[in-house]
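A short write-up of the structure that comes next.
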Amino acid sequence: MIKAIKQTLAMILAIAGLTVLSLPVSAEKSPEVGQLPALGWNSWNTFGCNVSEVMIREMADAMVESGMQEAGYEYINIDDCWHGERDTNGNISASKEHFPSGIKALADYVHSKGLKLGIYSDAGNTTCAGRPGSRGHEYQDAKTYADWGVDYVKYDWCDTENINPEGAYTTMRDALHATGRPMLFSICEWGDHQPWLWATDVGHSWRISGDIYPCWDCSYSWGSWSSWGVLKILDMRKDLNLRQYAGSGKWNDMDMMEVGNGMTAAQDRAHFSLWAMLNSPLIAGNDLRNMSRQTRDILTNQEIIALNQDPAGVQAMRYIDSGNLNVFVKPLANNEWAFLFLNRSDKVLTLNHDWQSNVVKDDLSNRTIDFNQTEFSYRGLWQTLTGDTNKPLQVNIPAHDVVVLRLSPKS
Ligand code: GLA
């Protein structure tokens, strides 16, 4: 009897074992990273193709010394043009001239500072600057990056005629997964093929626009394509309600920041606050080694960063859209809220916001605030400003500037 039971048990276990063995090992983007929007720095906006190991090391030093690391920034990302040639086996290496010690040594250095290293490739045969892309080398490149100790891969979309974007990005995701090393996967496809519809399980973020340009509301033509100012990116996909696709580990990427790259302090403040409220990755794009105090103070505003990194992970909604005034509202954890009042115009805007006649209802997070029912106190995150929602908010907002408030329920 006991023998029969043992035999049956053995059979059940064998069948269960076979079933487990025959289940496909499913690839996924790494669940260990990117759960909150990435905070870091990238070389492209300031340096373009002029990258080197010396500069990248100095940038890691500056991220620590400037207080940015303490404020939460962790990734140091090398964009395009780090590449050398592929060898006869197809293995990619870094430019011997600009990265003579190699990427592994650089990653070790960045890690020794408590930071992480990001690298760049492209789904096509060549990158946007004509360097070797990863097409046909996805698994080989992913393994190389993992061996080097890379923590973040930005994957671009140049030279990809006739390639299916979902397939190409999924292949690279699977290749990264196969290495066993957690790497954040940043999709840079510019929103051309609606990545928000297919990339939520593929990457940790996806670009929603073409490249940024350090201006308020301009576009800059490069011939066959254009770069976009802050308001242009803000408005680009406004009718698509992209916030519905974002959440933990899946973020709309509004491109690397231009804070400190020539706009006014007000414009930089607004740009930074908007990117934070919309849960975009906050990737600085200026030269951290010699930034002004003003730039540093903007990039390290802990209270603005906290909105971006809020554990509820809900992207802000554009609640009021009336010409020069835009109001963005973001539900935060613990029944708090953030309000951003944006003055788009080049004149001072006199704001008179009556909280009680503006009920906020967010279908996405399923949260409502009726200020007639619940009273909130607030404080400004840039200016010294406090008050409560019993009285209208009256404040002048300078041209191209923002007022950002954090609201807490009064107990
Ligand atoms: C594209 C990307 C940029 C940058 C460059 C590099 O334009 O959108 O962010 O990576 O390529 O060549």
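When each of Thr200, Thr171, Thr160, Thr179 is tested for being closer than 21 Å to Thr126 by Cβ, in contact with a helix residue (DSSP H, G or I) (Cβ under 8 Å, 6 or more places away or on another chain), open to solvent by 10 Å² or more (accessible area, probe 1.4 Å) and away from the ligand (no atom under 16 Å from the Cβ), the lone residue that passes is Thr171. Filtered by the rule that a residue be open to solvent by 40 Å² or more (accessible area, probe 1.4 Å) and over 23 Å from Ile298 (Cα atoms), region 378-411 gives Asn390, Lys391, Pro392, Gln394, Pro409, Lys410, Ser411. Filter region 89-108 down to the residues that are part of a loop (DSSP other than H, G, I, E, B) and of a type in the set (S, T, N, Q), then identify the one that is surrounded by the most Cβ atoms within 10 Å (Cβ to Cβ). Going through the qualifying residues, I end up with Ser95. Entry remark, region 203-220: residues being away from the ligand (no atom under 13 Å from the Cβ) and either on the phi > 0 side of the Ramachandran plot or of a type outside the set (A, V, I, L, M, F, W, C) (or both) number 5 in total. Counting only residues that are in a strand (DSSP E or B), in contact (Cβ under 8 Å) with a residue 24 or more places away in the chain and surrounded by fewer than 17 Cβ atoms within 10 Å (Cβ to Cβ), region 366-377 holds 2 of them. Check whether at least one residue in region 109-123 is among the small types (Gly, Ala, Ser), assigned to a helix (DSSP H, G or I), more than 16 Å from the ligand (Cβ to nearest atom) and closer than 20 Å to Leu39 by Cβ, and report yes or no. Yes, the conditions are met somewhere in region 109-123.
Residues in region 156-169 that are without any contact (Cβ under 8 Å) to a residue 40 or more places away in the chain and hydroxyl-bearing (Ser, Thr, Tyr): Thr160 only. Could you grab me the full set of residues in region 22-75 that are at pLDDT below 95 and open to solvent by 70 Å² or more (accessible area, probe 1.4 Å)? The answer is Ser22, Leu23, Pro24, Val25, Ser26. Considering region 212-238 alone, what residues qualify as being in a loop (DSSP other than H, G, I, E, B), of a type in the set (Gly, Ala, Ser) and exposed (fewer than 14 other Cβ atoms within 10 Å of the Cβ)? Of everything in region 212-238, those that are in a loop (DSSP other than H, G, I, E, B), of a type in the set (Gly, Ala, Ser) and exposed (fewer than 14 other Cβ atoms within 10 Å of the Cβ) turn out to be Gly223, Ser224.
The values are calculated or read from the model by the stated rules, or taken from the named source; none is laboratory data. Model, not experiment: these values are computed from the prediction. Don't worry about glycine lacking a Cβ; one is built from the backbone with ideal geometry, like all the others, and counts go over all protein chains shown. These accessible areas exclude ligands, DNA and RNA; they are computed on the full protein's heavy atoms, side chains included. Shrake-Rupley method; radii C 1.70, N 1.55, O 1.52, S 1.80 Å.
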